[in-house]
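The values are calculated or read from the model by the stated rules, or taken from the named source; none is laboratory data. Computed from a prediction, not measured in an experiment: that's the story for all the values here. Heads up, the Cβs are rebuilt from the backbone with ideal geometry, glycines too, and the neighbour counts pull from every protein chain shown. The accessibility values were calculated without ligands, DNA or RNA, using every heavy atom of the protein model including side chains. Shrake-Rupley method; radii C 1.70, N 1.55, O 1.52, S 1.80 Å.
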Amino acid sequence: MKIPLFVLGLLNAADAFVAPQKCPSANTHLFMSDRYGVGVNDRARLNIDSGVGSGGAISRRRGDVLDLTEIWEDSSPVIVQGGSLRTWSFANPAIESVQVLLKTEGRPLDADVELWQGPDNTPHKMRVYVEDGALRTFNAVIGTPRGPNTVAIRNIGQLEFPLDAVVRPDRDDGLAAGIASVATRSETIQGGALRTYPFDATVDSVAIILKTDGRPLNARIELLQGPNNNKQVVELYTEDGLDRPFFAIIETPGSGNVVRVVNTAPVEFPLYASVDAYRVGGGGDWADDGLMIGRAF
């Protein structure tokens, strides 16, 4: 059976108007940033805002956030004696971040925490002081992209003040993901400025995220309970606040707790801080996060 020529012409004309299929787009975001919900290329993914967000109350149950007690029970803490140094090496480049937890038996905690990446390269370092290392443990997550990496913890306290340390890889659904799911509101802190965040007595712990747009991050985090009464102080440096954002949980037992974040960098280096309640006692639902708007001085 022969097909007329005019029919073949109509079929060829119809094929010319077929809509082309869409090519699959490639994901160019950094893997580490996608894990934490921190984007790389635009302002929305950075969660950058000029002030504290106006979101409603957090409707999370207590069981949804990672319990720090479970981490200590599932791990084998290493004792770091006063004046000594311990290191943890991670040769696997797939380890994008590690959890660092420190505590004592009720004595003061004074330590230096550093991230080593290659010879004479320290892209991340902290000075940590806690008045009571049993009542307020130190809990943080530091980024370790592009391994191998080594975490070094030096107990700079006296010989009578040992500390227990847990350093382990952070999973995709681990501590950093739990902090990022709670601390969703961000505000800008210019260089040399500070913000204060008073919390209600029902707030048991506070989630903190500090990051930049790729510039160095220099900050000091303080937990105050009364005038000039520092219960916990963290002095922080990161060479790239976007590649290595800082995640932490500060325990706030008792009343009158105030978290103060100071940007110790020059005015050309702003940072973006997210501070919110992580765990609230006295109930199953998060009826109120206890956060008051930070004040600039």
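Numbers for the structure displayed
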item: Approximate spin-label separation Asp172-Asp74, in nm, with each point projected 7 Å along Cα-to-Cβ; result: 1.6
item: At most 13 other Cβ within 10 Å, DSSP loop - GluC sites (Glu not before Pro), the range 70-156; result: Glu105
item: Using a Förster distance of 30 Å, the FRET efficiency for Arg86-Asn229 (Cβ separation, nearest 0.05); result: 0.45
item: Nearest-0.05 FRET efficiency for Thr264 and Gln158, computed from C-beta distance (R0 35 Å); result: 0.80
item: Carbon/sulfur fraction of accessible area - the range 86-143, other protein chains in place, 1.4 Å, %; result: 45
